[in-house]
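Reading through the structure tokens given below for one structure.
The values are calculated or read from the model by the stated rules, or taken from the named source; none is laboratory data. The shown structure was predicted, so the numbers you read here are calculated from the model rather than taken from an experiment. Quick reminder, even Gly has a Cβ in these numbers, built from the backbone with ideal geometry, and neighbours come from all protein chains shown. Remember, those area values only see protein heavy atoms, side chains included, never the ligands or the DNA or RNA. Shrake-Rupley method; radii C 1.70, N 1.55, O 1.52, S 1.80 Å.
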Amino acid sequence: MNLKKIHYTSAFFLFIFICLHLWNHSFGILGGSAHVQIMSQLRVLYRNAIFESILILSVVVQIYTGFRLFFRKRKNQKTFYEKIQNWSGLYLSFFFLNHLGAVFVGRWVLDLDTNFFFGIAGLNLFPWNLFFIPYYFLAIVSFFGHLASIHNQKMQKYVLGVSPLTQTHFILGIGILFSFYIIFGFTNQFQGYEIPLEYQFLMGR
């Protein structure tokens, strides 16, 4: 298998997890309890040893192959979506590396449940939110931007009279709107969440 095929193969398992994860995050608008309840149900699937091992391996492969593909393609980007694919892939590699490391430190070093409140602590405490709001926002946009770029490459057919390029724009647009929705749901000045003290400790409170 060449580098691109390895990248696409490992992306399959990661794609499944990210879709479940974002679906879980969509419940943040209903409050921490709703989010945690859905997360507890999903963890039966992705916290078992087999799935989690495959997931971690997929992330490692994605980071390695993603960096390799970025530097291979960076001088040959011509269209807007070729650039989006390359740069969104680079950002996702950075995000996976940082996010996975944070989760493992939270679980195994700090002995915290890396749940909804672990995720929103930085989003709601100044000055950390100046970093974490764009950090999470760009991660979701990059995921949809990467999907849109791949769709733009592979899709050659009109659907209900809609051109492939318009379909691609639609995917990216949905990703941007969904990113605003997730950040809105995770931000306590809008929702009134109370962050437990053990999670405020993460931000030096």
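A few remarks follow.
- Each residue in region 158-182 was checked for being part of a helix (DSSP H, G or I), among the β-branched types (V, I, T) and over 14 Å from the mean Cα position of the chain (by Cα), and 4 pass.
- Considered as a group, the residues in region 25-40 that are free of Cβ contacts under 8 Å to residues at least 40 places away in the same chain and among the polar types (S, T, N, Q) include one that is farthest from F178 (Cα to Cα), and that residue is S40.
- Failed criterion for S149 (all others in (1) in contact (Cβ under 8 Å) with a residue 12 or more places away in the chain; (2) outside any helix (DSSP H, G or I) hold): (2)
- Scanning region 44-81 for residues that are closer than 15 Å to L147 by Cα and either open to solvent by less than 70 Å² (accessible area, probe 1.4 Å) or basic (K, R) (or both) yields Q62, G66, Y81.
- Any chance I133 is open to solvent by 50 Å² or more (accessible area, probe 1.4 Å) and at pLDDT 90 or above: yes
- Taking the numbered list (1) closer than 27 Å to Y199 by Cα; (2) open to solvent by 20 Å² or more (accessible area, probe 1.4 Å) in turn, A139 passes all entries but (2).
- Number of the exception - Y158 against (1) at pLDDT 90 or above; (2) hydroxyl-bearing (S, T, Y); (3) open to solvent by 40 Å² or more (accessible area, probe 1.4 Å): (1)
- Failed criterion for L112 (all others in (1) closer than 17 Å to I84 by Cβ; (2) open to solvent by less than 40 Å² (accessible area, probe 1.4 Å); (3) in contact with a Leu (Cβ under 9 Å, 6 or more places away or on another chain); (4) not polar (S, T, N, Q) hold): (1)
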